[in-house]
1. For 23, 37, which order do you get if you count the other beta carbons within 10 Å of each Cβ and list the fewest first?
2. Obtain the nm distance between the two label points defined at residue 53 and residue 66 by a simple spin-label model: each point lies 7 Å from its Cα along the Cα-to-C-beta direction.
């Protein structure tokens with residue numbers, strides 16, 4: 001059932017698109033690729049060889065990575081209380 005300017009199934013399409021966007025974002029964050037750096041991109045300290053071999057494409061040393069993981073990042077959410085039209089992309 002559509003309401004207003006929305007087509008049938010528009011809300012479900014938006015939910016599916018939001019899920020796919022989040023899954024893509026998670027895949028990109030979890031799987032670095034390419035050659036690992038020898039020195040940290042932030043502090044310049046050498047990255048241990050065992051870390052470079054274990055995580056392909058690593059760019060940060062352990063200390064900088066732990067600091068970055070501990071930071072809070074704000075991501076836009078879905079307005080679930082708004083009208084159906086406000087949830088469309």
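Read the figures in this text as sums done on the coordinates, not as results from a lab. Keep in mind that what you see is a predicted model, and the values were worked out from it rather than measured. Ideal geometry is used to build each Cβ from the backbone, glycine not excepted, and the neighbour counts take in all protein chains shown.
1. 23, 37
2. Reported label-point gap for residue 53 and residue 66 is 2.3 nm.
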